[in-house]
Amino acid sequence: MSVPPGSSGLTMSESARTPGLPAGSDVTEESRELHARFVQENLRRIFLQIFRMVGNVDDAQDLTQETFIKALQRQSQIKDLDRASHWLSRIATNTAIDFMRRHGRLATTDIAELPDPPATEPEHSPERLLLRAEHSAYLQSGLRTLSERERTALVLRDVDDVPSRDVAKLMQCSEATVRSHIANARIKFRRYLERRKA
């Protein structure tokens, strides 16, 4: 997949911004603005979270949109607005895991093809952007040395901070198996880092 320079590749359609709202329904401008802001504030983070799990740009884009559609359709389930970000991450994790269960091992996309999601922060210097891209490529390359289950367990536990018991439920295995996957993943990742330093 090639992404035109300057394109994020992550545009959300208008219907995806306010899913579950039929045309002509009595929706306030304030509620539309809240939906748009919710998507904008979380889009980059959720895309990267899913990409780290599935390793494929096209699938990560589709699953990101699916995540926001599910979240906005289920917004009445949010009891604590301060935890909305965590709640959204859980939906993203479940969506990615369901996808991986349906499709098995996924092909990975070269990091050079990774689009730059919309920035939610001011522009940085070109040097800073280059360093960030190199760092991202370095980490993504390390994640590719892991098996799919090791990568999933490691990302959920160490990156997304999901408790081990919840990782076990999501991966449909025991906590001991999760701990084993994480231990193996950390060893492989450490070896990868040592090889890169040598």
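I'd like the full set of residues that are within 16 Å of the chain's Cα centre (by Cα), acidic (Asp, Glu) and more than 13 Å from Ser89 (Cβ to Cβ), limited to segment 153-180.
If the condition is that a residue be within 16 Å of the chain's Cα centre (by Cα), acidic (Asp, Glu) and more than 13 Å from Ser89 (Cβ to Cβ), then Asp158 is the only one that fits.
Give me a count of the residues in segment 144-172 that are aliphatic (A, V, I, L, M) and under 17 Å from Arg45 (Cβ atoms).
Going through segment 144-172 one residue at a time, the tally reaches 4.
Looking at segment 82-89, is at least one residue within 26 Å of Ala153 (Cα to Cα), surrounded by 11 or more Cβ atoms within 10 Å (Cβ to Cβ), modelled with pLDDT under 80 and not polar (S, T, N, Q)?
Yes, that holds for at least one residue.
Does Val167 satisfy being surrounded by fewer than 16 Cβ atoms within 10 Å (Cβ to Cβ) and among the aliphatic types (A, V, I, L, M)?
No; evaluated as a whole, the condition is false for this residue.
Go over the candidates Ala133, Ala112, Ala71 one by one and state the one that is hydrophobic (A, V, I, L, M, F, W, C), modelled with pLDDT under 70 and surrounded by 13 or more Cβ atoms within 10 Å (Cβ to Cβ).
The unique qualifying residue is Ala133.
What do you reckon, is Lys169 among the charged types (D, E, K, R), within 23 Å of Asp98 (Cα to Cα) and in a helix (DSSP H, G or I)?
Judged against the criteria, Lys169 is a match.
The values are calculated or read from the model by the stated rules, or taken from the named source; none is laboratory data. Not measured: the values here are computed from a predicted model. Here the Cβ is made from the backbone with ideal geometry for all residues, glycine too, and neighbour counts use every protein chain on show.
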